[in-house]
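Worksheet for the structure shown next.
The values are calculated or read from the model by the stated rules, or taken from the named source; none is laboratory data. Since the model is a prediction, treat every value here as computed from it, not as a measurement. Don't worry about glycine lacking a Cβ; one is built from the backbone with ideal geometry, like all the others, and counts go over all protein chains shown. Ligands, DNA and RNA are excluded from the accessible area calculation, which covers all protein heavy atoms including side chains. Shrake-Rupley method; radii C 1.70, N 1.55, O 1.52, S 1.80 Å.
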Amino acid sequence: MSNIILINHPKNWGLDESLVERLAKKALEEKGFKDDVELSIDFVGRKKAKELNINFRKMSYIPQVLGFPMSKEKNVDGKIYLGDIVICTQKLKYEIKFQKSSLDTVLYSWLVHGVENLLK
């Protein structure tokens, strides 16, 4: 069985789901997860990102990436439900321009960072 990537995003988000899925699977593989992992990636706006950061981390800034871990162990169905990575879409687009980099490069590094947060 391969890794499962669940992607949630607003209607007007402007990113390609297949790219996100490919990069997320690559990030999981880099951290040693070849299969049987379910990972959720939520793309949110600035308001929602800040609200989550305030509610769960008691920090009042708009974060780039948040991680909400579930489990590092296999469940009874044989899957690891790793958790949720939340990415602020506007900050992602800003960072691409700021770094003068590609979407692939920035998003991949943020996904790796998110997976690392889930493994702490």
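Numbers below:
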{"read-out": "For region 72-120: accessible area per residue (Å², 1.4 Å)", "value": "55 Å²"}
{"read-out": "Within straight-line cross-link reach of Lys58, lysines at Cα separation under 27 Å, skipping those fewer than 8 residues along the same chain", "value": "Lys47, Lys48, Lys50, Lys72, Lys91, Lys93, Lys120"}
{"read-out": "DSSP beta bridge pairing in the chain, given as percent antiparallel to the nearest 5", "value": "30 percent"}
{"read-out": "Protection proxy ranking, peptides 69-81, 45-57, average beta carbon neighbours within 10 Å, highest first", "value": "45-57, 69-81"}
{"read-out": "Range of Cα positions in region 1-96 per principal axis (Å), largest first", "value": "37, 30, 23"}
{"read-out": "Residue with peak Gaussian network fluctuation, the chain [Cα springs, cutoff 10 Å], from Gln90, Gln64, Gln99", "value": "Gln99"}
{"read-out": "Between helix 17-30 and the chain: long-axis angle, C-alpha atoms, 0 to 90°, nearest 10", "value": "60 degrees"}
{"read-out": "Inverse of mean 1/r across different Cα pairs in region 9-48, Kirkwood, Å", "value": "11.6 Å"}
{"read-out": "Ranking by accessible area, most exposed first, for Thr89, Thr105 with a 1.4 Å probe", "value": "Thr105, Thr89"}
{"read-out": "The chain - mean residue ellipticity at 222 nm from DSSP helices (-39,500 (n - 2.57) per run, n ≥ 4, rounded to 500)", "value": "-14500 deg cm²/dmol"}
{"read-out": "Label-zone membership for region 1-28, site Gln90, 7 angstrom Cα→C-beta point, backbone N under 19 Å", "value": "9-15"}
{"read-out": "Between helix 103-119 and the chain: long-axis angle, C-alpha atoms, 0 to 90°, nearest 10", "value": "50 degrees"}
{"read-out": "Efficiency of FRET from Cβ geometry, Val76 and Thr105, R₀ 30 Å, rounded to 0.05", "value": "0.20"}
{"read-out": "Theoretical gain in end-to-end length, His9 to Lys120 [0.36 nm per residue, Cα-Cα removed]", "value": "37.4 nm"}
